[in-house]
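K.L.:
What follows is a structure written as structure tokens; I'll ask about it next.
Read-outs throughout are calculated quantities, based only on the coordinates presented, and are distinct from any laboratory measurement. These numbers come from a predicted model, not from an experiment. When we count neighbours, we look across all protein chains shown, and the Cβ atoms used for this are built from the backbone with ideal geometry, even at glycine.
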Protein chains: 2
Amino acid sequence: MSAKTITARVLTAEAFAPFGDVIERSGSPDKIINQGMCGRHHDLARLDFGSGRAGISLFDAKARSLPHTVDMVERHPDGSQAFMPVDGVPMLVVVAEDDAGQPVNLKAFVSQPGQSINLHRGTWHGVLAPLGKPGRFVVVDRIGDGDNLEEFWFPEAYIVDAAES
Amino acid sequence: MSAKTITARVLTAEAFAPFGDVIERSGSPDKIINQGMCGRHHDLARLDFGSGRAGISLFDAKARSLPHTVDMVERHPDGSQAFMPVDGVPMLVVVAEDDAGQPVNLKAFVSQPGQSINLHRGTWHGVLAPLGKPGRFVVVDRIGDGDNLEEFWFPEAYIVDAAES
């Protein structure tokens, strides 16, 4: 099987904006609380749970590595989904634009320490992929009725490669 | 000033149940996803945002240590609040029962690696207190109008001590 190659880039809020939020500290806290002992970086993700409600779950994901094969992407039509690593393990984040129900123009990003992501409702994305080590994640997503999952299997897989360094 | 002493105990879901949820892995995942590569521990917290909505914020809190002085507790009448450490730093969690608007019967817990907490709506609690080192936390709480904060200052402070080991 021949394959199309995608180069993984460093995750930035700007590049990720069409797909979701990068949840990270940028600059000073929005508010100082607890008599000066705690800084709050406030409300960093566009959450949307449609007819459902927010829930907190824990995901334990096995390690992946580069090059990484993407034969499928999925999306959740009914809600956003946030992934917050608790072990400092980088994530490979694969996302795609939608063209009339088909994922197109795939992009790949590697998260940096301190970065989490929130995928906006309906964003095509690859599987949760901690790089190099298994990863534990706090996940905030929609709890509710309905399947809330669409998968798209590519006739020809993509391969995600590291950027030349 | 004389002080009342509280002994900090190991955090367990059972002991914490009157105040909130311990968000932790207990037993096997509820669901295996991503072709066997990821386990999901599903919907571990009773979230409640009243008339507001869920938000994700990041808190950076300075280190505390034992013995720890509690001169104030607070509560959020309009929503639950979840604290998820991302550095593996233990938290000192001080909570109290409510007796007609007064916090009574204070309890203190120390979280273990892998544990996060969700304070139920309206639970009296102490300030965010990572022990021994500064702590970074993902926080899921209510975003919305209104003050959503009540403080209670004790006429006589409490001192939280470590359990004898």
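K.L.:
With respect to the numbered conditions (1) within 14 Å of chain B (Cβ to nearest Cβ); (2) buried (at least 20 other Cβ atoms within 10 Å of the Cβ); (3) free of Cβ contacts under 8 Å to residues at least 40 places away in the same chain, which one is the sole condition not fulfilled by A:SER26?
P.N.:
Result: A:SER26 fails condition (2) only.
K.L.:
Condition test on B:GLY50, is it touching a Lys or Arg at 6+ places or on another chain (Cβ under 8 Å) and not in a loop (DSSP other than H, G, I, E, B)? Show your work before the answer.
P.N.:
Working: touching a Lys or Arg at 6+ places or on another chain (Cβ under 8 Å): yes; not in a loop (DSSP other than H, G, I, E, B): no.
In short, no.
K.L.:
Can you tell me which residue is farthest from A:GLU151 (Cα to Cα) among those in segment A:113-139 that are within 11 Å of chain B (Cβ to nearest Cβ) and of a type in the set (Gly, Ala, Ser)?
P.N.:
Filtering first and then ranking leaves A:GLY114.
K.L.:
Which numbered condition in (1) farther than 15 Å from B:ILE56 by Cβ; (2) touching a residue at least 24 places away in the same chain (Cβ under 8 Å); (3) within 12 Å of chain B (Cβ to nearest Cβ); (4) not basic (Lys, Arg) is the only one that A:LEU47 fails?
P.N.:
(1)
K.L.:
Only one of B:LEU66, B:LEU92 is closer than 28 Å to A:GLY114 by Cα, surrounded by fewer than 22 Cβ atoms within 10 Å (Cβ to Cβ) and of a type outside the set (Gly, Ala, Ser); which?
P.N.:
Working: B:LEU92 fails: surrounded by fewer than 22 Cβ atoms within 10 Å (Cβ to Cβ).
Criteria check complete, one pass: B:LEU66.
K.L.:
Further, regarding this structure: Kindly indicate which of B:ASP21, B:ASP43 is surrounded by 15 or more Cβ atoms within 10 Å (Cβ to Cβ), of a type in the set (D, E, K, R) and assigned to a strand (DSSP E or B).
P.N.:
Sole residue among the options that is surrounded by 15 or more Cβ atoms within 10 Å (Cβ to Cβ), of a type in the set (D, E, K, R) and assigned to a strand (DSSP E or B): B:ASP21.
K.L.:
Output the strands (runs of 3 or more DSSP E) that fall wholly within segment B:53-112 and possess 1 or more residues being within 8 Å of chain A (Cβ to nearest Cβ) and in contact (Cβ under 8 Å) with a residue 24 or more places away in the chain, or say none.
P.N.:
Once the strands (runs of 3 or more DSSP E) in segment B:53-112 are filtered for at least 1 residues that are within 8 Å of chain A (Cβ to nearest Cβ) and in contact (Cβ under 8 Å) with a residue 24 or more places away in the chain, what remains is B:53-61, B:81-85.
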